[in-house]
Amino acid sequence: MRYLLVEDNDQLATAVVDRLSLDGHVVDRAGNLGTAEDFIATTEYDLILLDIMLPDGDGRHFLQSHRAARRDTPIIVLTARSEVSDRVGVLDLGADDYIVKPFDFSELEARCRAVLRRQSGGASNQQSFGDVVFDPLACTLTVNGREIRLRNRELRLLEIFICAPEQVFSKSKLVDRLFSYDVDASENAIEVYVGRLRKHLEGAAVQIVTVRGLGYRLSQS
């Protein structure tokens, strides 16, 4: 998944980015609302973690305008306010969830997973397509009963494909989803990871198909 963290506290932001990156997610960090808007204008995110009190404004205004523009990216609000009225307020403005500071990182990760499950309409962490089963938490792919452990970027690349089967992804789009802005990655890297996934999928009724001149898609044979 690719996350956007909007948080001005350097210490907290670094800790959150480090923790989510360990899980294999790509996390971009914006220290203010202006930078967050710049990121959103050029990048598609799976989830936004939004602080309320920011140097250039109130995160609630960002949340409200985000929903008014009919953007449906899930948003979890990070707030130091624990009053019921504050929590109800951000939910009514369109937040998908909230977490009160200080928080435990395991709770943050669980809330992220829960919001993303709801977004995809599922109740389980496992996802299936054709005869393959993917479990992002266990980092496994099951093909015809054979369980395969996936490495970090193999895992995230498969997650992109299996969340949108039959959708074509260009190499540049996949680079954008798999690597953060501070990583110098080329489209050749995508070919390497696609090649690895294809080997893992051998024998399955599901395959990664090259769409000439456009990119790749996950399809059933």
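The values are calculated or read from the model by the stated rules, or taken from the named source; none is laboratory data. The model shown is predicted, which means the values in this text are computed figures rather than measured ones. Cβ coordinates were reconstructed from backbone atoms using ideal geometry, including for glycine residues, and neighbour counts include every protein chain displayed. We work out accessible area using only protein heavy atoms, side chains counted, and drop any ligands, DNA or RNA first. Shrake-Rupley method; radii C 1.70, N 1.55, O 1.52, S 1.80 Å.
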Out of every Cα-Cα pair in the chain, what percent are more than 21 Å apart? 57
Taking the Cβ-Cβ separation of residue 110 and residue 212 as r and a Förster radius of 45 Å, what is the calculated FRET efficiency to the nearest 0.05? 0.60
Just to be sure I understand: if I project the alpha-carbon convex hull of the stretch 1-132 onto a plane and average over all orientations, what area do I get in nm²? 8.6
Sequence-distant or interchain residues sharing an amide H contact under 5 Å with residue 47, placed H: which? 2, 4
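How large is the Rg to Rh ratio of the stretch 1-69 when both quantities use alpha carbon positions and Rh follows Kirkwood?
Computed over Cα atoms, the ratio is 0.95.
Compute the whole-percent fraction of alpha carbon pairs in the stretch 69-128 spaced more than 18 Å apart. All intermediate terms of the calculation are to be shown ahead of the outcome.
Values: 730 of 1770 pairs.
Of all Cα-Cα distances in the stretch 69-128, 41 percent exceed 18 Å.
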Once you compute Rg and the Kirkwood Rh from C-alpha atoms, what is the Rg to Rh ratio for the stretch 114-221? 0.95
For the stretch 78-221, which whole-number percentage of the solvent-accessible area (1.4 Å probe, protein heavy atoms only) is attributable to carbon and sulfur atoms? 47
Could you check what % of the DSSP bridge pairs in the chain are antiparallel, to the nearest 5? 55
With a 1.4 Å probe and every protein chain left in place, work out the accessible area per residue of the chain in Å², rounded to a whole number. 50
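Peptides 65-72, 139-146, 189-196: what's the order by average Cβ count within 10 Å, highest mean first?
So the order, starting with the most tightly packed, is 189-196, 139-146, 65-72.
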Cβ neighbours within 10 Å, averaged per peptide: list 54-63, 2-11 in order, most packed at the top. 2-11, 54-63
For residue 30, which sequence-distant residues (separation of 5 or more, or a different chain) have an amide H within less than 5 Å of its own amide H, given hydrogens modelled in the peptide plane? 5, 6, 7
